[in-house]
Amino acid sequence: MTEQELHQLRRQKWCLDGRGARTLEEARAFVETVGMCLLYPTRPAVLAPTFLGAYAGTDDDLPTVRQAFADPRARAATEMMVRLLREKTAFEANVFGEAGFLVSAAVFPYLYGVVGDKNPRQMPTPGARSEYSPLARDVFEAIRAHGGVSKPRLRELLGGEPSAPALDRALNELWSRLRITRVDYTPEEGAKWDALYRWAPERVQRGLHMSQPEALSGLLSKYLETVVAAEGAEVEELLGRLVPKSRVKESVNALLAAREFSFVTVGKKSMLQVAPSREAYVARPRRTVRSRS
């Protein structure tokens, strides 16, 4: 494979051929195909498709999140993303900060298996070693009790005392461990949050029943399928946002040993790919066979 061939394969899969994913059906198909993507491009760049690029049909002159307010494509793409969140076709995770990180419904259980809390309904016992701040605990209890709440509503429920930055930090604490997720957005109130175990119970349960190595293997396989081929450092750069890079490297080596992954020469580079004779290891919905009376 030449570098130009790899570039063209990625552009085709990432909807960068000029047409763009402008309808809800096209946006849904894009997310289901790539499995995971950024909302906006990052600086420095990370090897991954972007939802904004797929909407625009190009990766030329795309704004970063700090420039997005002045770009009508970014506003339209965000509105489309919110529609996917509402219908639970896509889920958002706090992996790349403001740049956003979306995963498909099929891939989400693997993400939860890697970073999600194993007891999503209950907060850990408070104490000096608690991984959550007191405010994060209070925010979670308010969201769990009321569901689908905005930041202004949260401030009301919490007595109006938390400052906006403090409330953002608490929400990010919970979001980074997939305790909560953004489920809607309105210009008047901003984002609305709900407890993830209530918003997507089946997806959370599937993630809870996966071991972390199994879940990480699923994410690695889907990522390589999405980028077609990648150098080890590129794989570690993206998945290293979720777990230590050393663990990513261990999983890659295990999948190479199991012949799930193989090497391919691209130009003068040796890159990882999903073994040609195998499909990417991603979740597939089980069919329910109904008995006939």
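The values are calculated or read from the model by the stated rules, or taken from the named source; none is laboratory data. Please read all numbers here as calculations on a predicted model, not as lab measurements. Positions of Cβ are backbone-derived with ideal geometry, glycine not excepted, and every protein chain shown enters the neighbour counts.
If only one of ARG73, ARG86 is surrounded by fewer than 20 Cβ atoms within 10 Å (Cβ to Cβ), closer than 30 Å to GLU202 by Cα and either under 11 Å from the mean Cα position of the chain (by Cα) or not assigned by TED's automatic domain parsing to the domain that holds TRP175 (or both), which one is it?
ARG86
Can we say ASP184 is assigned to a strand (DSSP E or B) and either acidic (Asp, Glu) or surrounded by 21 or more Cβ atoms within 10 Å (Cβ to Cβ) (or both)?
Judged against the criteria, ASP184 is a match.
Which one of LEU62, LEU47, LEU52, LEU16 is in a helix (DSSP H, G or I) and of a type in the set (A, V, I, L, M)?
Step by step, each of LEU62, LEU47, LEU52, LEU16 is checked, and only LEU52 is in a helix (DSSP H, G or I) and of a type in the set (A, V, I, L, M).
Tell me yes or no: at least one residue of the stretch 131-138 is surrounded by 14 or more Cβ atoms within 10 Å (Cβ to Cβ), in the same structural domain as THR42 (by TED's automatic domain parsing), at negative phi and not aliphatic (A, V, I, L, M). Break it down into steps so the answer makes sense when it comes.
At the first step, the residues of the stretch 131-138 found to be surrounded by 14 or more Cβ atoms within 10 Å (Cβ to Cβ) are 132-133, 135-138.
With the extra rule that they be in the same structural domain as THR42 (by TED's automatic domain parsing), the set shrinks to none.
Scanning the stretch 131-138, I find no residue that is surrounded by 14 or more Cβ atoms within 10 Å (Cβ to Cβ), in the same structural domain as THR42 (by TED's automatic domain parsing), at negative phi and not aliphatic (A, V, I, L, M), so the answer is no.
Take the stretch 75-124 and flag every residue that is touching a strand residue (DSSP E or B) at 6+ places or on another chain (Cβ under 9 Å), assigned to a loop (DSSP other than H, G, I, E, B) and aliphatic (A, V, I, L, M).
Across the stretch 75-124, the qualifying residues are VAL95, ALA105, VAL107.
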